[in-house]
Each structure stands twice: as C-alpha cells, then as structure tokens.
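The structure appears right after this line, and notes come after that.
Coordinate-derived values only; no laboratory data. What you see is a predicted model; the values in this text were computed from it and never measured. Quick reminder, even Gly has a Cβ in these numbers, built from the backbone with ideal geometry, and neighbours come from all protein chains shown.
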Amino acid sequence: MKFLIVQALWSLLNAADIIDTLSRMGYEVEEYPKLLKSISELSDDDVGELVEYVKEHHVQVILSISFIMNVALAAYKGGIKYVSVLWDAPYTDVYNPLSRLENVWISTFDKLDRERFSANGMPHVLYQPLSVNRENLLKWNKDIQETLQGHYMHDISFIGSLYDGNAYKKSLKYIPMQMQYYFNSIFEEAVFKWDGVNRICGQTSAEIIDYIKRISPKFVIPNRQDIEDVRYFEIIGLIREAANIERIAVLNLLAEDHSVMLYTTEHKAAEEKLKGVKIGPPVEYGKATALVYAGSKINLNISLKGIEGGTPQRIMDIMGAGGFVLTSYCAETAELFKEDQEIVMFRTPEELVEKVDYYLAHESEREEIAQRGYEKVMKCYTYENKLSELIAWIMKEKELNAIYDERERIIG
C-alpha cells in the first residue's frame with residue numbers, strides 16, 4: 001500500500017511522526033511536495049494538481065493531519081481513499097459535504113466528536129486516542145536524562161496558549177453591554193469547575209446571536225462550515241475565553257507560593273496579566289518539549305472545556321517524556337489512565353493547590369506515578385498501535401469490533 005501525506009499550513013504538528021512510523025512499518029510513503037495554503041477553501045488548481053500527482057505516482061491512500069477539503073475532493077476524483085487524522089477538538093472544519101463522501105475515513109480522539117460526526121452523516125468515523133512516536137522518544141529520553149543528570153529545571157511548568165486573542169475578545173466591541181453581562185454569567189458558572197461537564201455549550205441560543213447581529217451589523221461569525229453559527233461561536237469564542245480566564249488565574253494562583261514557568265507564543269499578554277510567573281519563549285515541538293516535560297517536577301494541563309470526550313496531545317507527550325502530569329479531570333482520560341497511579345487530576349482550584357503542594361513534597365511518589373504513566377503510554381498509545389488499527393479499519397471495516405475489543409484488553 002502506498003501512502004501520500006499531504007499537509008496544509010495549519011496542519012503541520014504530527015505529520016513527521018506518521019511518515020516515520022509508516023516507513024518503519026514497511027509501507028511506501030511519499031510527502032506531497034506542495035504545502036497547501038488552506039484546509040477549508042476549495043481550489044481547482046490544488047485539486048487538479050493533486051489528482052495528477054496521485055495518478056502519476058500510483059498512490060492508493062492519501063492521509064493528512066486535520067481535514068483538508070481539497071484533499072478530500074482530489075481523492076474522490078482519483079478514486080482512492082482519504083484518511084483524515086484529527087488531533088483537535090471540538091473540530092469544526094470537518095462539517096462540510098466532502099466529509100460525507102464514501103471514500104473519506106476520519107480518525108478522532110474525542111468520543112463525543114465521533115458521535116457528532118456520525119450523526120452529521122459522515123460514513124466512516126473511528127475513535128482513537130492520540131499517540132506518541134515511541135522510537136523517537138526512546139532516543140530523545142536517553143539524551144535528555146544525560147542532560148538533566150537527575151535534576152529538574154522547573155517545579156511547575158506549562159507549555160501552551162493563553163488564548164488571549166480569542167474570537168470572543170476580538171468581537172467584544174461589537175457585543176452590546178447587556179449581552180456581555182449575559183456571557184459573563186456563563187463564564188462565572190463554567191470556569192474553575194473541572195468535573196468533566198461542559199457548562200459553555202448550549203447556554204447561548206441562535207436568537208441571541210441573531211439579536212447581536214441586528215444590533216451590531218459589524219458582529220460577524222466567520223463560519224464557513226455546515227454547523228450552526230451559535231455552536232461555532234461557542235467553540236471559537238466562548239470556550240477559548242473560558243480557557244483564557246482559567247489559565248491566567250491558575251498560573252497566578254500557583255505562582256503565589258511556587259516557582260511556575262510558562263512557555264508560550266503570547267509573550268505580551270503573559271507579561272501584562274501574569275504576576276510572579278516566569279515567561280519563556282515557545283518551545284519547538286519534539287525533543288525540546290520532551291526536555292521541558294522531563295525536566296519539570298509537575299507538568300500542568302488545563303484542557304479546553306470543549307474537549308469533553310478526549311485526552312489532549314499534551315498529556316500523551318508529557319507521559320511519553322517520562323514527566324508527571326497534573327491535569328483537569330476528564331472522564332475519558334480516567335478510562336485510559338489509572339487516576340493517582342499513572343496520572344493525577346484535579347476538579348477544583350482547592351484540589352489543584354492541595355495536589356501541587358503534596359506532590360512537590362513527595363518526590364518518590366510523584367516519580368513512581370510518572371514512571372507508570374510512561375510505561376502505559378509507551379505500551380498502548382504509540383503511532384505503531386494507532387496506525388496498525390487505522391489501516392486494518394480502512395481495509396476491512398467489519399473487523400472494527402474486534403479491534404476495539406483488543407484495544408480494551410491491552411489497556412486492561
């Protein structure tokens with residue numbers, strides 16, 4: 001089987017891991033030489049060039065990270081399968097007619113997105129937890145341990161976005177004050193409650209969005225997909241604003257008594273809103289992030305409220321580097337990992353502070369949990385496992401139940 005990996009500007013995160021793994025598994029893999037400019041805008045030129053490339057190079061399957069409309073259409077015209085591997089949730093760019101083509105196969109890490117996609121008419125949707133590149137980590141971790149020599153760089157660290165420039169903030173000047181009060185009441189009810197319940201989505205109605213549009217014609221929701229404007233606004237605006245509120249408050253709270261390090265692209269916002277938090281530059285994904293994860297006593301994860309049925313890539317990467325994870329609670333994560341044995345979770349700010357204090361003071365217990373988490377990830381959630389399952393699925397979908405049973409047996 002010959003794979004063609006196609007990438008777009010927005011979808012560069014893990015394609016190298018997939019290319020590396022497929023090659024090691026013995027498959028023929030090519031990377032499309034052109035980087036597509038958009039994942040959600042059709043281009044006759046891009047589609048035509050891709051169809052010709054598929055024919056000339058005898059490609060049997062096209063695979064991409066994220067859902068790329070031009071790739072889906074080109075695969076359909078070329079008469080081959082298109083596999084879209086998603087690593088973000090809730091995912092909106094898949095809501096279009098091309099995702100409903102019979103030759104399209106979608107892998108998502110969020111169980112609820114799987115249900116939503118299937119309900120939207122997408123014929124082939126598979127739930128798969130996110131994964132790590134086991135071979136790379138084995139090489140990197142050896143070098144990293146030689147660098148660290150048993151020492152830590154940080155007590156508490158977080159690599160990620162503050163979501164300070166989210167769509168809600170950008171649209172505030174167009175939202176009437178009474179509606180801002182309404183949205184603030186949603187945030188007050190939703191934030192700092194990490195019990196797995198999404199208190200953001202469903203609190204806004206189409207009537208509210210239509211009212212704001214009538215009052216403020218410049219209020220625009222840039223929604224090009226087959227999804228309601230209100231749902232799109234909740235995902236790109238309200239959910240990310242809630243994350244902004246939580247992440248700034250949590251980092252400031254922990255910095256009152258502990259050394260906290262943030263690595264982010266949002267340096268200006270971090271300097272303005274964080275107090276006592278050390279701020280570093282963004283870290284290149286791969287060996288550099290693994291060094292930070294292994295070199296931090298506690299690695300924080302504060303998931304977006306919209307990730308309801310999936311475990312973020314950050315958690316898998318921390319564990320794959322041998323790092324200790326302290327994360328906001330998610331029921332799906334509790335299914336994948338044994339709580340307080342392989343991973344530690346918090347549900348309230350009080351529990352967060354209590355567990356930070358405890359695990360900073362109990363090093364051996366913390367390191368034992370990190371080791372067990374590392375062993376679980378390296379056994380169960382690798383690209384070899386994921387791609388083997390994915391390929392078996394697209395080749396013979398009737399074996400899907402057997403695949404699920406085997407995965408559950410391995411997870412134990």
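Label sites at ASP340 and HIS58, each approximated as a point 7 angstrom past Cα along Cα to Cβ, lie 5.9 nm apart. The charge dipole of the chain, taken about its Cα centre with unit charges on the Cβ of Lys, Arg, Asp and Glu (plus for the first two, minus for the last two), comes to roughly 600 debye. Divide the volume of the convex hull around the Cα atoms of the chain by the residue count and you get 142 Å³ per residue. Protection proxy ranking for 47-57, 66-76, using the average of other Cβ atoms within 10 Å per residue and placing the highest first: 66-76, 47-57. Along the charge dipole of region 281-400, pointing to its positive end and built from +1/-1 on Cβ of Lys, Arg, Asp and Glu, which listed residue (THR333, TRP393, GLY320) has its Cα farthest out? Working it through, the farthest residue towards the positive pole turns out to be TRP393.
Return the equivalent ellipsoid semi-axes of region 134-380 as a descending list in whole Å, where each equals the square root of 5 times an eigenvalue of the C-alpha gyration tensor.
For region 134-380, the ellipsoid semi-axes come out as 35, 18, 17 Å.
Pop the C-beta distance of ILE215 and LYS287 into the FRET formula with R0 = 51 Å and round what comes out to the nearest 0.05. Efficiency computed from Cβ-Cβ geometry: 0.50. Report the residue, chosen from SER40, SER157, SER303, that carries the largest GNM mean-square fluctuation when the chain is represented by alpha-carbon nodes joined by springs under 10 Å. Highest fluctuation among the options: SER40. Computing Rg and the Kirkwood Rh from the Cα coordinates of region 270-396 gives a ratio, Rg/Rh, of 1.00.
Give the cross-link partners of LYS37 among the aspartates and glutamates, using a straight C-alpha distance below 16 Å as the criterion and excluding same-chain residues fewer than 8 apart. Leaving aside aspartates and glutamates fewer than 8 places away in the same chain, those within reach of LYS37 are ASP45, ASP46, GLU49, ASP93. By the helix-only formula, in which each DSSP H run with n ≥ 4 contributes -39500 (n - 2.57) and the sum is divided by residues, the chain has a 222 nm mean residue ellipticity of -14000 deg cm²/dmol.
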